[in-house]
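Here is the structure we will look at.
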Amino acid sequence: MFEQPPILKVEDVHTRILSANGILHPVDGVSFELNAGETLGVVGESGSGKSLLALSLLNVLPKPSSEVIAGKVLFNGEDLLKKTQEGMRHIRGKDIAMILQDPQTSLNPVFKVGHQILEALTNHNRNAAPLANLRALAVDALRRVGVSAPEMRYHSYPHQMSGGMKQRSVGAIAISGEPQVIIADEPTTSLDVTIQAQYLRLLREFQEQQNLALLFITHDFGVVAKLCHRVMVMYAGRVVETGPVLEIFDRPSHPYTQALLNSVASLRNEMTRLPSIPGQPPPLWDLPKGCRFAPRCPLADGKCKAKYPEQVLLGSDETGTHTASCWKAKELHDAATVA
């Protein structure tokens, strides 16, 4: 499907946090690849490590309490984890941009929206263009993300905008540097269904125009179905299953993925009550010895509780490979294939 090398290749990344409960590992050996023009969805419950993975990739973890202690983050073959903070400042926003979950906190309330877009442009175009040209680019960025009357909105403060307009403005800041990769951390969570659909359509259009690589973090499999090519399911800091979207939806092969999909409402099911996943994700300071999902898994046996499962290759084609970390993955995959 993708002939060029991956634009972003993450290899065995480990992130450590020093806390009152000891040393925690919220990102524990995560690996994946992301190609130009591709959308990879990262799915999991709150606390699974999705957002900290995103912060680890850009090296914006709060210091000194947290840091990436192992692994590689290869952007066009160059390891970002070896770069200095000054070196990363030239990459953040220009080559790799991030859209945060809540525009209420990511936009500065005391500065006009246009000023905040202009700041991003100025940081990466200090000697390249006069200020008037950068202002025109900022207005154009608002126009491209579908903000009505962009010339007027350029002079608006965040509190003068609706939630949807604020989230579009955050998107304008992200695209203003013409990045090759955008990391979107649950950008549609605070939007209603209609505005959410518009925003997803906007991201898809921009991706097609720029051949953009998109890492989309979400807890919503409905969003994954609309937007993503592949999906990576995380639980307690680790990747438990990954594969092409259609393959994951048709043949989920990890009990956690199955449980997440079963909790999504469907027009085909006439059930009066959606099933839920019993219990809670384990605290990072008290992880199970074996599979981290075992205490909540209806299929868990002694082997599951004694040793963490190896990753199993379940299939591979032009759309990607399907893998799962479960002792019963092959059995679950075969059963779903027959069904």
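With only the Cα atoms considered, the chain has a convex hull volume of 153 Å³ per residue. Residues whose amide H lies under 5 Å from that of Lys83, counting only those 5 or more places away or on a different chain, are absent; hydrogens are built 1.01 Å from N in the peptide plane.
For region 214-219, 3J(HN,Hα) computed residue by residue from phi via the Karplus equation (6.51, -1.76, 1.60; θ = phi - 60°) reads 10, 9, 10, 8, 7, 10 Hz, glycine and proline entered as x. Taken one residue at a time, the phi angles of region 146-154 give Karplus couplings (6.51, -1.76, 1.60, θ = phi - 60°) of x, 6, 6, 6, x, 4, 6, 5, 4 Hz. Gly and Pro are set to x.
Using θ = phi - 60° in the Karplus curve 6.51 cos²θ - 1.76 cosθ + 1.60, the 3J(HN,Hα) couplings for region 296-307 round to 10, 8, x, 9, 5, 10, x, 5, 4, 7, 9, 8 Hz; x is entered for Gly and Pro. Under the simplified labelling scheme, the Met152-Ser276 pair shows an inter-label distance of 4.5 nm, with each label point 7 Å from Cα along Cα→Cβ. Scanning residues 5 or more positions from Ile69 or on other chains, those with amide H under 5 Å from its amide H are His14, Thr15, Arg16, with H placed 1.01 Å from N in the peptide plane. Label separation (Arg204 vs Lys330): 3.8 nm, computed from points 7 Å beyond Cα along the C-beta direction. Identify, among Ala213, Ala36, Ile99, the residue whose Cα sits farthest towards the positive end of the charge dipole of the chain, taking +1 on the Cβ of Lys and Arg and -1 on the Cβ of Asp and Glu, with the dipole about the Cα centre. The residue sitting farthest along the positive end of the dipole is Ile99.
Which residue, Thr15, Thr321, Thr257, tops the fluctuation ranking in a GNM of the chain built on C-alpha contacts under 10 Å? In the Gaussian network model the winner is Thr321.
Distance between the 7 Å Cα→Cβ label points at Glu45 and Lys112: 4.7 nm. Report summary: the helix-based calculation at 222 nm, which adds -39500 (n - 2.57) for every DSSP H run with n ≥ 4 and divides by the residues of the chain, gives -9500 deg cm²/dmol. Accessible surface calculations at 1.4 Å, restricted to protein heavy atoms, place the chain at 49 Å² per residue.
Between Glu318 and Thr189, the contour length at 0.36 nm per residue exceeds the alpha carbon distance by 43.3 nm.
The values are calculated or read from the model by the stated rules, or taken from the named source; none is laboratory data. Note that this is a predicted model, so its numbers are computed, not measured. Neighbour counts run over all protein chains shown; Cβ positions are idealised from the backbone, glycine included. Please note that ligands, DNA and RNA were not included when accessible areas were found on the heavy atoms of the full protein model with its side chains. Shrake-Rupley method; radii C 1.70, N 1.55, O 1.52, S 1.80 Å.
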